[in-house]
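The values are calculated or read from the model by the stated rules, or taken from the named source; none is laboratory data. These numbers come from a predicted model, not from an experiment. Note: ideal-geometry Cβ built from the backbone for every residue, glycine included; neighbour counts use all protein chains shown.
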Amino acid sequence: MRTISTSTASPRRRFSVTRIMGLVVVALGAVAAQHVAHSAEAATKIPAPVQDEKAAATHSETAVFAGGCFWGVQGVFEHVRGVKQVASGYTGGAASTAEYETVSEGDTGHAESVQITYDPTQITYGRLLQIFFSVAHNPTELDYQGPDHGTQYRSAIFPVNAAQRGIAQSYIAQLDNAHVFPAKVVTRVEDFKGFYPAESYHQNFLALHPDYPYIAINDLPKVTDLKRMFPDLYRNDPVLFATASR
């Protein structure tokens with residue numbers, strides 16, 4: 001396992017992955033106490049998008065979103081019906097800089113992101129966006145989410161085709177015009193240049209480590225909100241990403 005830098009990593013990841021697994025209860029409690037002030041924000045109930053994709057002719061499409069730490073965003077969408085797979089990774093920069101320590105410097109152009117493979121006959125792109133904006137992250141926070149600061153934690157959508165771009169732009173305008181959030185939506189709609197899966201130890205982190213303090217405080221409440229706000233789309237057993245060692 002690789003060691004995560006103590007100088008550039010966000011607060012909850014300033015440990016080697018092997019050390020994470022070996023922390024004693026007292027140490028976990030101390031870390032948890034440091035994060036209480038940054039606990040997950042309440043989800044916001046928002047309307048579904050007026051514009052959405054047309055009836056699907058395929059059973060597999062992809063969506064790429066960025067909304068802060070990819071642990072929580074991946075964990076939320078792994079519990080959504082119609083989702084076939086969710087990978088944590090990096091989007092927005094070059095392939096040569098798509099690795100955790102480098103991205104954590106904040107100057108690669110990458111955002112921590114997720115690539116969602118879904119069945120559009122079961123869930124639409126617009127409904128995925130509704131979950132993204134209401135449950136998975138706070139779209140009014142510019143270049144940060146909770147305790148994590150930097151452009152790598154920005155709120156962004158990376159459409160993979162023109163239809164997705166139009167739906168995303170229309171939905172952002174719809175939400176701003178409806179004033180459903182206390183501040184303007186700062187989510188960027190950016191060109192998709194490629195998705196690079198993150199290291200294997202980042203994949204399925206919420207599902208595999210639900211007791212890790214950062215997860216318990218910042219991300220598990222999002223899964224609870226998903227179940228409460230979207231009961232028709234919630235699946236109890238997450239669909240996990242099949243990892244390959246990096």
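Listed values, structure above:
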quantity	calculated
Test set (1) buried (at least 20 other Cβ atoms within 10 Å of the Cβ); (2) free of Cβ contacts under 8 Å to residues at least 40 places away in the same chain; (3) of a type in the set (A, V, I, L, M) - ILE157 fails condition number	(2)
Members of the stretch 122-175 that are in contact with a Leu (Cβ under 9 Å, 6 or more places away or on another chain) and in a strand (DSSP E or B)	SER155, ILE157
Test: GLY109 is surrounded by fewer than 24 Cβ atoms within 10 Å (Cβ to Cβ) and assigned to a loop (DSSP other than H, G, I, E, B)	yes
Test: residue in the stretch 212-232 that is surrounded by fewer than 17 Cβ atoms within 10 Å (Cβ to Cβ) and of a type in the set (Gly, Ala, Ser)	no
Condition check for VAL76: over 22 Å from GLY146 (Cα atoms), in contact with a helix residue (DSSP H, G or I) (Cβ under 6 Å, 6 or more places away or on another chain) and at pLDDT 95 or above	no
Selection status of TYR118, surrounded by 17 or more Cβ atoms within 10 Å (Cβ to Cβ) and out of contact with any His (no Cβ under 8 Å at 6 or more places or on another chain)	yes
Set TYR234, TYR171, TYR196, TYR212: member being touching a residue at least 40 places away in the same chain (Cβ under 8 Å) and over 22 Å from ASN138 (Cβ atoms)	TYR196
Qualifying residue in the stretch 187-200 (condition: within 19 Å of TRP71 (Cα to Cα) and of a type in the set (A, V, I, L, M, F, W, C))	yes
Any chance PHE192 is modelled with pLDDT of 95 or more, of a type in the set (Phe, Trp, Tyr), more than 20 Å from THR44 (Cα to Cα) and assigned to a loop (DSSP other than H, G, I, E, B)	yes
Test result for VAL189, surrounded by fewer than 18 Cβ atoms within 10 Å (Cβ to Cβ), free of Cβ contacts under 8 Å to residues at least 40 places away in the same chain and β-branched (Val, Ile, Thr)	yes
Test for HIS149: is it in contact with a strand residue (DSSP E or B) (Cβ under 6 Å, 6 or more places away or on another chain), at pLDDT 95 or above and not small (Gly, Ala, Ser)	no
Qualifying residue in the stretch 81-93 (condition: touching a residue at least 40 places away in the same chain (Cβ under 8 Å), surrounded by fewer than 24 Cβ atoms within 10 Å (Cβ to Cβ), more than 14 Å from the chain's Cα centre (by Cα) and farther than 17 Å from THR121 by Cβ)	yes
